[in-house]
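What follows is a set of notes on a single structure, which appears directly below.
The values are calculated or read from the model by the stated rules, or taken from the named source; none is laboratory data. Every value quoted in this text rests on a predicted model; they were computed, and no experiment measured them. All Cβ positions, glycine included, derive from the backbone under ideal geometry; neighbour counts span all protein chains shown.
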Amino acid sequence: MNDTRAPRTLLIPTEDILKPVEFWARSLQRHSLFAADPLEDIRSELLCAVVSRWWSYDPHRAGAATYADRVAKSAHLNLLSARRARKRIPTIDTAALAPGEANVTQRVSNVSTTNLAIDIRQTVAGLSHEDQLICSGLVVLSVSALANTLGMSRASLRRQIVHIRRAFEEAGLHAYLGAA
């Protein structure tokens with residue numbers, strides 16, 4: 001096999017390479033999920049991504065600045081996705097409070113969030129195994145996706161959800177359920 005790629009060179013951070021890293025770092029810092037992170041940390045993370053991927057740089061395909069921009073943009077999107085995912089993956093206890101936490105606290109002002117989480121946990125523990133699976137699945141999946149995963153129709157799943165809602169109402173969590 002004849003390797004026609006150019007020989008790999010050592011990355012020396014020049015202005016061409018630092019400009020896209022700086023651009024994507026500032027872009028990420030302006031996002032609300034990264035507002036508390038220092039710009040220097042974000043910049044370092046993106047620069048590490050560029051340096052670690054430099055071995056795959058081929059000067060015949062793109063210039064150094066273009067390659068650095070693409071890698072920094074990819075790292076930018078990966079960091080943003082990871083931060084969003086971390087924000088979205090709640091436990092069964094906190095999932096119930098996450099969508100409208102302020103509204104739940106307003107409707108159930110005499111019950112603390114901790115007590116509500118305990119009540120939700122106890123109610124879910126009292127459900128059948130299948131209903132517990134549905135509750136766990138609804139934390140991260142839509143009704144359609146969960147029905148697909150469980151191999152049942154959406155109508156059947158909705159009937160199960162109505163049954164689960166009745167159990168929550170019987171447990172005194174009707175204020176948490178709201179109007180749905």
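Before moving on, here are some points about what is shown:
- Test: residue in region 133-140 that is aliphatic (A, V, I, L, M), part of a helix (DSSP H, G or I) and either modelled with pLDDT of 85 or more or farther than 25 Å from residue 86 by Cα (or both): yes
- Test for residue 155: is it surrounded by 12 or more Cβ atoms within 10 Å (Cβ to Cβ), modelled with pLDDT of 80 or more and assigned to a helix (DSSP H, G or I): no
- Annotation note: Cβ proximity below 6 Å between a residue of region 21-37 that is closer than 17 Å to residue 85 by Cα and a residue that is of a type in the set (Val, Ile, Thr) and part of a helix (DSSP H, G or I) (sequence gap 6+ or interchain) occurs for 28/42.
- Residue within region 62-85 that is surrounded by 15 or more Cβ atoms within 10 Å (Cβ to Cβ), over 30 Å from residue 124 (Cβ atoms), aromatic (Phe, Trp, Tyr) and modelled with pLDDT under 85 present: no
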